1. Using the Cα centre of segment 478-615 as the reference point, and only Cβ charges (+1 on K/R, -1 on D/E), how large is the resulting charge dipole? Debye, rounded to the nearest 20.
2. Can you bin the chain into rounded, prolate or oblate? Criterion: square roots of the alpha carbon gyration tensor eigenvalues sorted a ≥ b ≥ c, rounded for a/c under 1.5, prolate for a/b above b/c, oblate for the rest.
3. Taking K and R as +1 and D and E as -1, what net charge do the other residues with C-beta under 12 Å from the C-beta of I573 add up to?
4. Answer rounded, prolate or oblate for segment 372-489, using the Cα gyration tensor with square roots of eigenvalues a ≥ b ≥ c: rounded when a/c is under 1.5, else prolate when a/b is larger than b/c, else oblate.
5. What shape does segment 312-461 have by the C-alpha gyration tensor, where a ≥ b ≥ c are the square roots of the eigenvalues, rounded means a/c under 1.5, and otherwise prolate means a/b greater than b/c and oblate the rest?
6. Calculate the FRET efficiency for R413 and E59 from the Cβ-Cβ distance with a Förster distance of 41 Å, rounded to the nearest 0.05.
7. Starting from the amide H of I609, placed 1.01 Å from N in the peptide plane, find each other amide H under 5 Å away whose residue is 5 or more places distant or on another chain.
8. Order the peptides 91-98, 546-553, 448-455, 523-530 from the highest to the lowest mean number of other Cβ atoms within 10 Å of their residues.
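Just so you know, all these numbers are worked out from the coordinates, no wet-lab data involved. Only a predicted model underlies this, so the values are computations on that prediction, with no experimental measurement involved. Note that each Cβ is placed from the backbone with ideal geometry, even for glycine, and that neighbours are counted across all protein chains shown.
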Amino acid sequence: MNEQPAIVDCVLELLRQWGWEAGLVKLRERISRSDNDCDRQMLQHFIGWMAAERGDFDEATAQFNELVAIPQLAGWAWIGLAFVAMRSRDFGAARNALDQVQTMATGDDRLLATLRLMQGTTMFHGGDLAAALAPLEESLTLVGSDCFGRGRSLDALGMWYAAHDDFQNAMEFLRQSIEHKTKFTDESGLAVTHGQLGRLYLDWGQLDLAEVHFRSDLDIARRIGDGRGEAQMYNLLGNLSLDKGDAESAAAYLDYSIQMAIDGKWLVMQGYAQKDRALCYLADNKVDAALEQLNSAQEIFDRAQFAEGLAHANRAWGVLHRSRSEWRESEQRLRQSLRWFESGGELTQVVRTKIEIARTLRQRVAPMPLVRDAYLDALGSAESSRRPHLVQQIDLELASVDPDVANRHIYRRVRGRRIDQDSTSLMSAEREHVTVMFFDLQGFTAWSRVTEPAVVMLCLNQMMAAFLEPITHHDVQVIEYMGDGFLALSRGSAHANRCVQVATGLYSALDTFNRPRRILGLAGFTSRIGISSGEVVLGNVGTYDKIDFRAVGTTVNLAARLQNEAIPGQPCIARATWEAVQHDFSFSESSPRAVVLKGIGEVQCWDVITRPGNQ
């Protein structure tokens, strides 16, 4: 192909400004207006860029390989080859292609942004989630706010946070992506984001919202003639109908998806749809028909050596074997499925598989302790994943198996898992030397007044989940949540040291929590922490309408007052705490400082900066 600089410049500008989908429309318009055969031939080659997104990998690869020979376009061509390799799950080939782009991207922010996006996406899909975040964030920064490609970077970050069970930030990245793609009339991209947001809602049990976005994806796929996308949406609508208990609608969607996948030769999609169709048949007690569909799905996944599909198929096999009272085979298949999902950290699928294991044990009338423990295991995983619809489902099934165990579990959840005292006495109490910490968010109340209630609670509970790791790691107990803060106790040996370690860990966790909010242009949060050590009285406070385990005394009041005097980002500790930890942490130059506390008077306090060696 002869190099045509003017046309190359035209194509580059279209790619940089509009990206692949909208750029394709512009290229076709240019082709239709051109009388120059060379120009028309050159422009026609760039339609190969779009073939990759539509699943025509052979055509795309052929076009990209030709474009590699054009110096001005070689970097974009290598990125295209990387995209094809990634979609084919050949991550080694994708990385090799991206390595070719590194030196070509110098001085071209749009190409560098696309390179970072592809590097992060390849890492993400290749299983290296920790390394993927930095290049994905860099891609968003480089691409700016006025470029088509920003939507793709927002998508990728939404997927990253979804994989880390951060529902709120995942939702916000995808919501902003939809806004951006609408601005650029990126219909293919909009379909992708609606599909991703629908999957996120489905994963978290918000079925009505999931359906809205699946139908939006479906409408776009029909409009732009994306048969593959249309077939995929029928599959997902079938899944959603199954979750709603509507097997009839699920069957109709899945039959259509299967036929479209067969016509389009999209084998993996066909395998998933047939696996789900088997579950529909099982819901109707049509075991032979389910067996036929599941055998076909198994054959497809085996041929493709597609481990994820095989894990889903194994779970369906477990359900099928259970319907035939083949208990050993059922449990064997389910445990194979569980091992794969656990190895990949797919929490929702782990929970769903553990539920099926518990059901198998229950239906084969296994010893009650085994059934009960299986349900408790599933419930523990559901609570860790924070999926309320799964927690509620297991709560109900456990209650029907063993009401006493279910009630005790709920009691411990309300009481506090890390509070050992189970006494309901309103007269018993004990004195203990502990360290008390008060944590309070700054600006959260004002923000909550102008924010949707559901968003407020999502944000607050996601934040509290982020704080759980430092709290539990240092064996500190949260005994009371108070609006946008909490009271925690550190008991036992080295209680002061562990409490201050938790405080510094909370500031680090809050900074991590604020990181995506800064990227999204949302308000971040600050906090203040007050800590004191000394004697407290521990016992139950309340009436038999509502009992809470509490700590009372001057030590508690002092920590609460110091929290009001704390500098955001620096735990403010009382003298007794400082005396216990003075050699383990560093303090601000102004420490100690004198403060006058309501109801207490003037005291000295110290502001913790960090641990020695971390300055």
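1. Details: 13 positive and 12 negative charges, 56 e Å.
The calculation lands at about 280 debye.
2. Working: a/c = 2.69, a/b = 1.40, b/c = 1.91.
Taking the square roots of the gyration eigenvalues as a ≥ b ≥ c, the chain is oblate.
3. Numbers: positive: R575, R593; negative: E565, E579, D584, D607.
Value of the local net charge: -2.
4. On the way: a/c = 2.04, a/b = 1.16, b/c = 1.76.
Oblate shape, in that a/c is at least 1.5 and b/c is the bigger or equal ratio.
5. Details: a/c = 2.75, a/b = 1.58, b/c = 1.74.
Verdict is oblate for segment 312-461.
6. Taking R0 as 41 Å, the efficiency between R413 and E59 is 0.15.
7. S586, F587, S588
8. 523-530, 91-98, 546-553, 448-455
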